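Below is one structure, written out as structure tokens; comments come after it.
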Amino acid sequence: MTKRAAGFLIFRRLCERIEYLMLQASYGQHHWSPPKGHVDPGEDDYATALRETTEEAGYTEGDLNVYRNQTRTLEYKVKGHDKVVIYWLAELRNASLEVKLSDEHQDMKWLECDAAIKIAGYDDFAKMVREFDTKIKTNEL
């Protein structure tokens, strides 16, 4: 059975820089990813992305400008099981608003495109971030 998850790739603008929020899991291999989580029964993907972002980073829908037409689906295997993650691109409205980490994460970083890609370590994630980064920088949102 395929596990389904959803989240937001959150970015902020600092002068000429674009930075992406990456969270480090406090369990397992301590991987880095944007806020995301499993879809609960009866919940749609977008509602999951909102709930997980609030739980994991402390940001609510009002803190974000979500680009509902900018979404990517990543498919991969975790411990031999298929997983699908839907990400929407979201901009933090107030670039100085601090993250409030849940106990699911032990660290967070705001990173530019290449550094976010490097810390995550997955090719499909890299492709998604590069595509979004290009759209942000060329005002194609």
Fill in the blank from the handout: Between the Cα axis of helix 45-57 and the main Cα principal axis of the chain, the angle (0 to 90°, nearest 10) is 70
Completion exercise
Under a Gaussian network model of the chain whose springs join Cα atoms within less than 10 Å, the largest fluctuation of Lys83, Lys36, Lys109 belongs to Lys83
Practice task
Return the sequence-ordered ³J(HN,Hα) values of the stretch 105-122 in whole Hz as given by the Karplus equation 6.51 cos²θ - 1.76 cosθ + 1.60 applied to θ = phi - 60°, using x for Gly and Pro.
Solution key: 10, 10, 7, 8, 8, 9, 10, 6, 3, 4, 5, 5, 4, 4, 5, 6, x, 10
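Let me know the volume per residue of the alpha-carbon convex hull for the stretch 4-45, in Å³. It would help to have the intermediate numbers written out before the result.
Details: hull volume 3.5 nm³, N = 42.
For the stretch 4-45, the hull spanned by Cα atoms encloses 83 Å³ per residue.
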Exercise for the section: Give me the number: length gained by fully extending Lys77 to Lys135, i.e. 0.36 nm times residue separation minus the C-alpha to C-alpha distance, one decimal in nm. Expected result: 18.1 nm
Handout entry: Estimated Rh, the stretch 67-126: Kirkwood, alpha-carbon pairs, angstrom
Key = 14.1
Exercise for the section: Enumerate the amide H contacts of Val66 below 5 Å, restricted to partners 5 or more residues apart or on another chain; note that Pro and chain-start residues carry no placed amide H. Expected result: Glu91
Practice task
Would you be so kind as to identify which of Ala57, His38, Val129 lies farthest towards the positive end of the dipole of the chain, taking Lys and Arg as +1 and Asp and Glu as -1 on Cβ and the Cα centre as origin?
Solution key: Val129
Fill in the blank from the handout: The helix 123-137 Cα axis meets the longest alpha-carbon principal axis of the chain at an angle in degrees, between 0 and 90 and rounded to 10, of 30
Handout entry: Lys pairs, the chain - Cα-Cα below 23 angstrom, 8 or more residues apart or on other chains
Key = 29
Handout entry: In Hz, Karplus ³J(HN,Hα) per residue of the stretch 8-18 (6.51, -1.76, 1.60; θ = phi - 60°; x = Gly, Pro)
Key = 10, 8, 8, 10, 9, 9, 10, 6, 9, 9, 10
Problem - Long-range HN-HN contacts of His31 with modeled amide H, under 5 Å - result: Ala25
Problem - Rounded accessible area per residue of the stretch 1-96, 1.4 Å, Å² - result: 51
Exercise for the section: In debye, nearest 20, what is the charge dipole magnitude of the chain about its Cα centre with +1 on Lys and Arg Cβ and -1 on Asp and Glu Cβ, if you could check? Expected result: 300
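Just to be sure I understand: if I project the alpha-carbon convex hull of the chain onto a plane and average over all orientations, what area do I get in nm²?
Values: hull surface 32.9 nm².
So the mean shadow area of the Cα hull is 8.2 nm².
The values are calculated or read from the model by the stated rules, or taken from the named source; none is laboratory data. These figures come from a predicted structure and were not determined experimentally. Don't worry about glycine lacking a Cβ; one is built from the backbone with ideal geometry, like all the others, and counts go over all protein chains shown. The protein model used for the area step is the full one, side chains on, heavy atoms only, and it has no ligands, DNA or RNA in it. Shrake-Rupley method; radii C 1.70, N 1.55, O 1.52, S 1.80 Å.
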